[in-house]
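Everything on this sheet refers to the single structure shown next.
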Amino acid sequence: MSRRSFTIFLVLGSFVCTSVVKSWQIEDDHVCQVFGNEVLCQSTTTSIRLPCIRECGRYKENCQSARVYGNDRQCRIQLKTITCDRVEGNIQQWTWNKWSTTSGGQVLSVNYMKKNASTALRVRWSGRIRGGYSSNYGSRFYFTFNGAPCSEPAGIEAVDWTGAGRNYIQHTEFEGLCNNIPAGRIQIGFNVGKLPGISWQPYLGWSLGNCKITAEEVDLGENKGTCPHHTVFNVKQHTFATADTASGIYSASAFSYTKLAPDTSLRVRWFGTLGVKSQSPAPGCLRFYFTFNGEECKAPTPIDGAIAWLTDPIIRTQTTHSIEGICQNLGQGDHAVALNVGQCLFGNLNQMDPDPRVNDVSRIIVEEVRLGKSQFAEQAVLLTCSFESSSICGFTQSTNDDFNWTRRSGGTSSSYTGPSSAYSGSYYMYIETSSP
């Protein structure tokens, strides 16, 4: 007896997936051939074991067995097939419409059932926060997983700090991916904490609208899985500390991303704090923008964001914001992705000085996506049918109803009823009726 490993490629729609037979126990003279979704094996024995694993880009599907049938000299193995984009996801959302002035620790928590130990967990907050309303007040808002902040690669957090008194509650969205979280029940907590050396007056939520937490497990990493043409969730995350860069690239933000396909676009998202120094000249503006291999996105437009002060006094603030967009017409291969800061493109405004007052965690998430119609839409078949052939496209006359259709050319047999000819072609279908 020998143990062999055999890889079978199955063409499914537009994608190519792989099924790997991990422990195939067969005789030395065993011969196998692939026929579509099946493998035909001929030997003197039918003793065969077929545990396998299928990888399909977005998630992994574990196939514990395959169907085996045949006689004493051959067996036919029917592998379980599933198209990549039909693999079940695991995304959940929770809403909350209360308010809280909790001075520290966990404000709310939800339970999430994580299916796989190998996936990363993506969490997102969408709702209202306020760090404080007096001068030099601020707070930190962050996620925990089973009571602990994310440590791989870094905490998932937002900050709100003001250098002068202002009492406002703003809508904020931030997200991140956390690695090395085991499978099973995960308690996701949303917490409030202090900023070093700063007083706090945190406020969370508001009954005038819903706050939301979203959680989803993803296969994190470039070229993940064995479906190279199914590039959804070709995801890479880069974290770095907010720094004081007056102009040009945030050096810590630069990283390399490998784009798998030539016909895809890149979706980029940045989450971090934006702020300007109080001694900056007003009116002034500061622009933050993405570059790809040193150039801004050209299709459809640059991916950027800006903050501006039009009148004095300029109030020092640090608040978490996000910049997001999709860039098209980027080639296949490696791309140097970076966040930059510089002069605003429009208006006669001074360039302001960025303020890294709060040393928080910034993150960039890059994901390869396909825009427009589904890949499977291209395979739709348009059926054209007419009554010119007596086969009528394979339709047959039912004998279990109250009337029958008649195929005919020219006029009908009844006077002053029915058409005199077909609308198109020579033949049409009609039924004959009479008044009760």
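The values are calculated or read from the model by the stated rules, or taken from the named source; none is laboratory data. The shown structure was predicted, so the numbers you read here are calculated from the model rather than taken from an experiment. Cβ: placed from backbone, ideal geometry, glycine included. Neighbour counts: every protein chain shown.
Residues of region 426-436 that are at pLDDT 80 or above and either part of a strand (DSSP E or B) or not assigned by TED's automatic domain parsing to the domain that holds Arg407 (or both): Tyr427, Tyr428, Met429.
Would you kindly identify the strands (runs of 3 or more DSSP E) lying entirely within region 115-179 that contain at least 2 residues that are of a type in the set (Asp, Glu)?
Of the strands (runs of 3 or more DSSP E) lying wholly inside region 115-179, those with at least 2 residues that are of a type in the set (Asp, Glu) span 157-162, 170-178.
Results for (1) modelled with pLDDT under 80; (2) assigned to a loop (DSSP other than H, G, I, E, B), shown as yes or no for each residue.
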{"site": "Arg363", "(1), (2)": "no, no"}
{"site": "Phe376", "(1), (2)": "yes, no"}
{"site": "Cys385", "(1), (2)": "yes, yes"}
{"site": "Asp402", "(1), (2)": "yes, yes"}
{"site": "Ser424", "(1), (2)": "yes, yes"}
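In region 102-114, the residue that is surrounded by the most Cβ atoms within 10 Å (Cβ to Cβ) out of those that are more than 9 Å from Pro182 (Cα to Cα) and either under 22 Å from the mean Cα position of the chain (by Cα) or acidic (Asp, Glu) (or both) is Tyr112.
Among the conditions (1) among the aromatic types (Phe, Trp, Tyr); (2) modelled with pLDDT under 85; (3) in contact with a strand residue (DSSP E or B) (Cβ under 7 Å, 6 or more places away or on another chain), Phe190 misses just one, which is (2). Those residues that are within 30 Å of Thr162 (Cα to Cα), in contact (Cβ under 8 Å) with a residue 40 or more places away in the chain and part of a loop (DSSP other than H, G, I, E, B), I need them from region 180-200; list them, please. If the condition is that a residue be within 30 Å of Thr162 (Cα to Cα), in contact (Cβ under 8 Å) with a residue 40 or more places away in the chain and part of a loop (DSSP other than H, G, I, E, B), then Lys194, Leu195, Ile198, Trp200 are the ones that fit. Among the residues of region 117-143, those identified as modelled with pLDDT of 90 or more and surrounded by fewer than 19 Cβ atoms within 10 Å (Cβ to Cβ) are Arg124, Ser126.
Among the residues of region 220-243, are any touching an Asp or Glu at 6+ places or on another chain (Cβ under 6 Å), basic (Lys, Arg) and modelled with pLDDT of 80 or more? Yes, the conditions are met somewhere in region 220-243. Taken over region 144-156, the residue count meeting the criterion of being surrounded by fewer than 18 Cβ atoms within 10 Å (Cβ to Cβ) and farther than 20 Å from Lys236 by Cβ is 4.
Look at region 229-243: where a residue is under 7 Å from Ile365 (Cα atoms) and a partner is surrounded by fewer than 19 Cβ atoms within 10 Å (Cβ to Cβ) and modelled with pLDDT under 70, sitting 6+ places away or on another chain with Cβ atoms under 6 Å, you get Lys236/Glu222. Against the numbered list (1) in a loop (DSSP other than H, G, I, E, B); (2) modelled with pLDDT of 80 or more; (3) under 30 Å from Trp161 (Cβ atoms), Leu371 comes up short only at (3).
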